[in-house]
């Protein structure tokens, strides 16, 4: 009887220990909530003050805006949420507000953290707003072939892609004005910093003021070199090479073509490393031709060549270098054999015999000892 009571007391003690350990484990659980996840999230916002034009955006301005902003890269000033719920008013606040912004980050997730690189992957202009998709946008691109099967085999596989991009909607008080790409970047400055210099911008800063303004305005002047044109217009859509230029020295020209109909088309002609002719063909207007120097007296430096070890300065030697030869230094050439291939005429004597004695055959042990024949 005493043993049974002892067993029951032991069982009760074990159960009590288990309950105590369970309570201790539950007391150490760390629950991450909205306040904990967004505690260090900065929601500071400073609106811009940029004067906007009154005229409505034209079709040409729309095309230029898409051309200059799509594929542009910048850095996020603040955390950007995934989805399409971010609205920025021109020279105004951002929506949602600070508390709702934290909640949106907590529920949707972060598309780009502060300081992360973002890329404008799509741009659309509708009514009073400009819609920009960043890092692929908030929706996965739909492909209708995913819904078609042949013999239970899908035509296009579905890899289960998930959208991780963001969308920023820039809203104006009225219709979208005739605004340029730098002005749109300035309006987006509270969210995205596009001020990081590219190699073209860094090169443009080294040029004189008139050329720097032309490069920033994406204009080509007669007299520019290849690097200036690339900084101003980027890579051309087409190139036409090796055409006669009419130069008496026989230098061919190369023509770079930007744009296509019905857009404005620029024809930039190079002779060597200089632009000689710029032709601008705009729809409904006569052809505009620029064939006079527009560099305002600035002459870009010519390409230089560094003399490396072993190279010889032009004109450093006296006359033409002698051709290579197998003769020793100071050895005279045979009469009449200068510049000709020389073949040996004397017979080369055969090497003397080395005098190695002929090897004697070894006796075969199976034949027994060799004895002289008996004479009878």
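Points to keep in mind about this one:
- Selection over segment 74-102 of residues that are surrounded by 14 or more Cβ atoms within 10 Å (Cβ to Cβ) and farther than 28 Å from residue 174 by Cβ gives a count of 5.
- Scanning segment 200-234 for residues being within 15 Å of residue 270 (Cβ to Cβ) and part of a loop (DSSP other than H, G, I, E, B) gives a total of 6.
- Hey, residue 138 under 22 Å from residue 78 (Cβ atoms) and assigned by TED's automatic domain parsing to the domain that holds residue 81 or not: yes
- Test: residue in segment 289-302 that is at pLDDT below 80 and surrounded by 15 or more Cβ atoms within 10 Å (Cβ to Cβ): yes
Every residue, every condition in (1) modelled with pLDDT of 80 or more; (2) farther than 26 Å from residue 79 by Cα, yes or no:
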position	(1), (2)
172	yes, no
178	yes, yes
184	yes, no
196	no, no
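- Helices (runs of 4 or more DSSP H) completely within segment 33-129 that count 2 or more residues being closer than 29 Å to residue 200 by Cβ, at pLDDT 90 or above and in contact with a strand residue (DSSP E or B) (Cβ under 6 Å, 6 or more places away or on another chain): 59-69
The values are calculated or read from the model by the stated rules, or taken from the named source; none is laboratory data. Just so it is clear, the structure is predicted and the values come from calculations on it, not from any experiment. Neighbour counts run over all protein chains shown; Cβ positions are idealised from the backbone, glycine included.
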